[in-house]
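The values are calculated or read from the model by the stated rules, or taken from the named source; none is laboratory data. Predicted model, so just to flag it, every value in this text is computed and none were measured. Neighbour counts are summed over all protein chains in view; Cβ atoms, including those assigned to glycine, are modelled from backbone coordinates with ideal geometry.
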Amino acid sequence: MKSLTFGKGEVIFNQGDPSNCMYDIVSGSVGIYVNYGKEAETQLTVLTAGQFLGEMGMIEAFPRSATAVAMENGAELREINEQEFSDYFKGQPERLLLIMRQLSERLRERTADYEGACVVLNSLKETSAEPEKRKPSLLERAKKYIAFYNQMMSFSVQDVDMNAASSYPYYMQRF
């Protein structure tokens, strides 16, 4: 296993790169980004000493799903390639449990993100539905109440027969 040191802002690997190794963070911190260096750049997380990165791509043999960037000078990482993977965890089985917990935590966070996105999408669907099928907006309800109020103010007290509510327009019968 190689020990590597990175300076602040130095790219460890790029989104889309081949995944032939993973890293164990010995010291420092690493930012994980999608669309790094682009307008749509998004920081997904910051990993610190004792955490792993790059394990997903190495285990699945898929290209890197994100870009990893050292967040401070002197970030030290231990590179673990495919050949060293089994021996590394045989020698330190507790690290295997740690990586499983880390993957589980990421999955739980992404599930929560997904659920939140579903709520937002469903609310957007409701507001873009056909007008007669969707719930009235606050503005639409306010306009209705203002119209009702204005109409009520145009009646004189003598014109209002409190016993003849059924003769009022539909929207006035609701009050």
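If you filter segment 67-92 down to residues that are touching a Gly at 6+ places or on another chain (Cβ under 9 Å) and of a type in the set (A, V, I, L, M, F, W, C), you find that the one that is nearest to ASN14 (Cα to Cα) is ALA68. Filtered by the rule that a residue be assigned to a loop (DSSP other than H, G, I, E, B) and within 24 Å of PHE89 (Cβ to Cβ), segment 1-23 gives MET1, ASP17, PRO18, SER19, ASN20. Just wondering, is there one or more residues in segment 68-89 that are β-branched (Val, Ile, Thr) and not assigned by TED's automatic domain parsing to the domain that holds ASP24? No - not one qualifying residue is present in segment 68-89. Of note, GLY50 does not satisfy the criterion of being part of a loop (DSSP other than H, G, I, E, B) and at pLDDT 95 or above.
Of all residues in segment 24-37, those satisfying the criterion of being within 17 Å of ARG64 (Cα to Cα) and in a loop (DSSP other than H, G, I, E, B) are ASN35, TYR36, GLY37.
Right, GLY28: surrounded by 13 or more Cβ atoms within 10 Å (Cβ to Cβ) and touching a residue at least 40 places away in the same chain (Cβ under 8 Å) or not? For GLY28, the condition - surrounded by 13 or more Cβ atoms within 10 Å (Cβ to Cβ) and touching a residue at least 40 places away in the same chain (Cβ under 8 Å) - is met.
The residue that is surrounded by the most Cβ atoms within 10 Å (Cβ to Cβ), among those in segment 8-21 that are closer than 14 Å to VAL69 by Cα and not small (Gly, Ala, Ser), is ILE12. Looking for something within 15 Å of ILE99 (Cα to Cα), without any contact (Cβ under 8 Å) to a residue 40 or more places away in the chain, exposed (fewer than 14 other Cβ atoms within 10 Å of the Cβ) and touching a strand residue (DSSP E or B) at 6+ places or on another chain (Cβ under 8 Å) - is there at least one such residue anywhere in segment 33-48? Scanning segment 33-48, I find at least one residue that is within 15 Å of ILE99 (Cα to Cα), without any contact (Cβ under 8 Å) to a residue 40 or more places away in the chain, exposed (fewer than 14 other Cβ atoms within 10 Å of the Cβ) and touching a strand residue (DSSP E or B) at 6+ places or on another chain (Cβ under 8 Å), so the answer is yes.
Among the residues making up segment 54-84, a single one is under 20 Å from the mean Cα position of the chain (by Cα) and of a type in the set (D, E, K, R): ARG64.
ASP87: more than 23 Å from the chain's Cα centre (by Cα) and modelled with pLDDT of 90 or more, yes or no? So ASP87 fails the test.
For segment 55-68, the criterion of being out of contact with any His (no Cβ under 9 Å at 6 or more places or on another chain), in a strand (DSSP E or B) and farther than 16 Å from MET1 by Cβ is met by at least one residue. Number of residues in segment 60-83 that are without any contact (Cβ under 8 Å) to a residue 40 or more places away in the chain and touching a Ser or Thr at 6+ places or on another chain (Cβ under 9 Å) equals 0.
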